[in-house]
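One structure, as structure tokens, below. Some questions next.
The values are calculated or read from the model by the stated rules, or taken from the named source; none is laboratory data. Just so it is clear, the model here is predicted, and its values are computed rather than measured. Ideal geometry is used to build each Cβ from the backbone, glycine not excepted, and the neighbour counts take in all protein chains shown.
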Amino acid sequence: MAALILALGLATGARAEMYKGTETPAYRVEQVVNGAEVRAYGPSVVAEVTVAGSRSGAANAGFRVLAGYIFGGNDDSAKIAMTTPVAQVPDTAATSGGKEWTIRFTMPAQWSLDRLPAARDSRIRMIETPPRRMLVVTFSGRPTDAALAEASDRLHAAARAAGLQTTGVPEYMFYDAPFTLPWNRRNEVALALR
């Protein structure tokens, strides 16, 4: 999987917003509060799949399903460039297999919802996310469950201290391939603002 991510990253062309040569969704930092950024994101088109299991197991399974789509597992056999971050959102529903997670790839900016080829895998959904404001904390290192929980706690504390109202559950965002050295990794936890 690591080689797959590297190949995807190297195949991505130049874009307006980039992270290590890979397109990212554009956002504007409105302010920094208690070490977290208030970001304004525009709408974006995403491919997503929901899988059950542990956080890391679901991330791997969901990544493989979505990578299959962008590598040509679609009605047009089109190759779609990889973007960052890969997002992971816990769902509130539980199944017999454990917690459910939605894994999300943002589609490159040139793709609109009506132009994207249909996925051959019926588990994949294509949606357009509306503009949104997010409170985001960034950290390096390995994104272990403990590190994500600590970042989530920092994010909630920053929101309370700044008097910001959040909604929903934390969203995890991962920017780097698994073999990236821990100190060179960019991980984020985000909460939607009301």
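For Thr102, indicate whether it is under 18 Å from Asn60 (Cβ atoms) and either free of Cβ contacts under 8 Å to residues at least 24 places away in the same chain or touching a His at 6+ places or on another chain (Cβ under 8 Å) (or both).
Judged against the criteria, Thr102 is not a match.
Same structure again: Would you confirm, using the coordinates I've provided, whether Thr106 is touching a Ser or Thr at 6+ places or on another chain (Cβ under 6 Å), surrounded by fewer than 19 Cβ atoms within 10 Å (Cβ to Cβ) and within 15 Å of Gly42 (Cβ to Cβ)?
No.
Can you report the number of residues in the range 62-83 which are without any contact (Cβ under 8 Å) to a residue 12 or more places away in the chain and in a helix (DSSP H, G or I)?
Result for the range 62-83: 0.
Please tell me if Ser140 is in contact (Cβ under 8 Å) with a residue 40 or more places away in the chain and in contact with a Phe, Trp or Tyr (Cβ under 7 Å, 6 or more places away or on another chain).
yes
Now for a separate question. Given (1) at pLDDT 95 or above; (2) out of contact with any Phe, Trp or Tyr (no Cβ under 9 Å at 6 or more places or on another chain); (3) surrounded by 16 or more Cβ atoms within 10 Å (Cβ to Cβ); (4) under 27 Å from Val45 (Cβ atoms), where does Thr180 come up short, assuming only one miss?
(1)
Scan the range 14-49 residue by residue and report those that are touching a helix residue (DSSP H, G or I) at 6+ places or on another chain (Cβ under 8 Å), closer than 22 Å to Glu128 by Cβ and at pLDDT 95 or above.
Ala47, Glu48, Val49
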